[in-house]
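First up is the structure itself, then whatever we jot down about it.
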Amino acid sequence: MQLGVNVPNFGPGTDPGILREWARLAEGLGFGTLMVSDHVAVTPDVAERYPEPFYEPFTTLSWLAGLTTTVRLGTTVLVLPYRHPLLVARMAANLHQLSGGRFVLGAGVGWARQEYEALGVPFTARGRLTDECLGILREARDAGRQEGDVPVWIGGHSEAALRRAVRFGDAWHPLRLSLPHMRAVLRRHALPGFAPRIALRVTSAPVDASDRLAGVGTVEQILDDLDQLRLLGADTVVLDPYHGDPEETRRPDAAWRALTTVATHWSTRS
């Protein structure tokens with residue numbers, strides 16, 4: 001099982017130099033995947049947690065592809081209704097080719113109603129539009145218009161998202177859930193693959209809450225979470241050290257220390 005890292009591509013402390021350091025750290029520590037988020041119009045509902053500057057994911061990953069050699073590059077997650085599906089297909093295929101087959105398309109429906117309105121896309125139709133886009137992406141791949149298949153990870157944990165993962169995805173890509181929640185879903189559904197994004201918060205004392213998110217707790221708890229996810233069939237687990245406060249982006253050292261600690265301990269177990 002590979003580990004990945006979700007890199008903040010937004011916030012007051014983020015700039016090209018910091019993004020470069022995130023990429024160097026991730027590849028240097030042996031992480032298998034580096035992923036970034038997606039927003040197009042940073043409306044007030046988005047800006048509370050993901051403020052400007054917000055670096056567009058395809059542009060950012062294309063640049064990072066030239067600064068890295070081995071790490072996979074992905075979106076967690078691209079909001080599919082924000083862009084024409086044929087444009088998404090072209091950008092995804094080109095990035096996959098230019099990076100030497102290293103792109104992963106994590107995709108979802110999104111949540112920001114104001115952003116949908118700013119883009120002129122009906123919020124209430126987002127599920128249908130996402131399915132239509134995924135269908136077009138699959139048709140493009142089946143028709144041979146993409147050289148090399150781009151893996152598609154489907155985000156979300158609603159019943160609609162799970163049906164979407166079965167129909168269109170190469171893996172289910174849930175975001176920041178507890179282990180019991182993920183285990184229950186995997187028992188109910190025959191999903192094509194499993195590549196969760198989990199929180200990463202290292203604590204000095206054990207976290208005993210019944211609703212503890214996977215990845216939150218002592219190093220020993222986090223390593224056990226990773227072991228459990230591997231037993232559940234996870235191919236990749238993406239660690240997300242961002243906890244919702246944009247000021248965190250001014251202090252990336254704390255996230256880097258947590259990632260270094262977990263990566264170092266994990267390498268001795270796996």
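Suppose we keep only residues that are in contact with a strand residue (DSSP E or B) (Cβ under 6 Å, 6 or more places away or on another chain) and not in a loop (DSSP other than H, G, I, E, B) within the stretch 4-22. Which one would you say is farthest from residue 252 (Cα to Cα)? Going through the qualifying residues, I end up with 4.
For the stretch 113-125, check the following and say yes or no: at least one residue is hydrophobic (A, V, I, L, M, F, W, C), within 19 Å of residue 76 (Cβ to Cβ) and either in a loop (DSSP other than H, G, I, E, B) or open to solvent by less than 40 Å² (accessible area, probe 1.4 Å) (or both).
The first filter runs over the stretch 113-125 and keeps only residues hydrophobic (A, V, I, L, M, F, W, C), leaving 118-119, 121, 123, 125.
Checking which are within 19 Å of residue 76 (Cβ to Cβ) leaves us with none.
The answer is no, given that none of the residues of the stretch 113-125 is hydrophobic (A, V, I, L, M, F, W, C), within 19 Å of residue 76 (Cβ to Cβ) and either in a loop (DSSP other than H, G, I, E, B) or open to solvent by less than 40 Å² (accessible area, probe 1.4 Å) (or both).
The sole residue among 83, 141 that is more than 17 Å from the chain's Cα centre (by Cα), under 23 Å from residue 49 (Cα atoms), buried (at least 16 other Cβ atoms within 10 Å of the Cβ) and not aliphatic (A, V, I, L, M) is 83. Taking the condition open to solvent by 20 Å² or more (accessible area, probe 1.4 Å), aliphatic (A, V, I, L, M), within 20 Å of residue 111 (Cβ to Cβ) and out of contact with any strand residue (DSSP E or B) (no Cβ under 7 Å at 6 or more places or on another chain), does residue 46 pass? Judged against the criteria, residue 46 is not a match.
Taking every residue in the stretch 98-109 that is in contact (Cβ under 8 Å) with a residue 24 or more places away in the chain and more than 16 Å from residue 65 (Cβ to Cβ) and pairing it with any residue that is open to solvent by 20 Å² or more (accessible area, probe 1.4 Å) and among the basic types (Lys, Arg), at least 6 positions away or on another chain, the pairs with Cβ-Cβ distances below 8 Å are 109/126.
Kindly evaluate residue 31 against the criterion of being within 30 Å of residue 260 (Cβ to Cβ), assigned to a loop (DSSP other than H, G, I, E, B) and of a type in the set (A, V, I, L, M, F, W, C). Judged against the criteria, residue 31 is a match.
Enumerate the helices (runs of 4 or more DSSP H) found wholly within the stretch 178-270, keeping only those where 1 or more residues are under 22 Å from residue 2 (Cα atoms), modelled with pLDDT under 95 and not charged (D, E, K, R). I'd like the intermediate steps shown before the answer.
Working: elements: 179-188, 219-231, 252-269.
The qualifying helices (runs of 4 or more DSSP H) are 252-269.
Quick check on this structure: which one of 225, 208, 235, 240 is of a type in the set (D, E, K, R) and loosely packed, with under 12 Cβ neighbours inside 10 Å?
208
Looking across 37, 62, one residue alone is open to solvent by 20 Å² or more (accessible area, probe 1.4 Å) and either within 30 Å of residue 122 (Cβ to Cβ) or of a type in the set (Ser, Thr, Tyr) (or both). It is 62.
The values are calculated or read from the model by the stated rules, or taken from the named source; none is laboratory data. Worth saying up front: this structure is predicted, and the values here are computed from it rather than measured. So basically every Cβ, Gly included, is an ideal-geometry build from the backbone, and we count neighbours across all protein chains shown. Quick note on the areas: whole protein, heavy atoms, side chains included, nothing else; ligands and nucleic acids left out. Shrake-Rupley method; radii C 1.70, N 1.55, O 1.52, S 1.80 Å.
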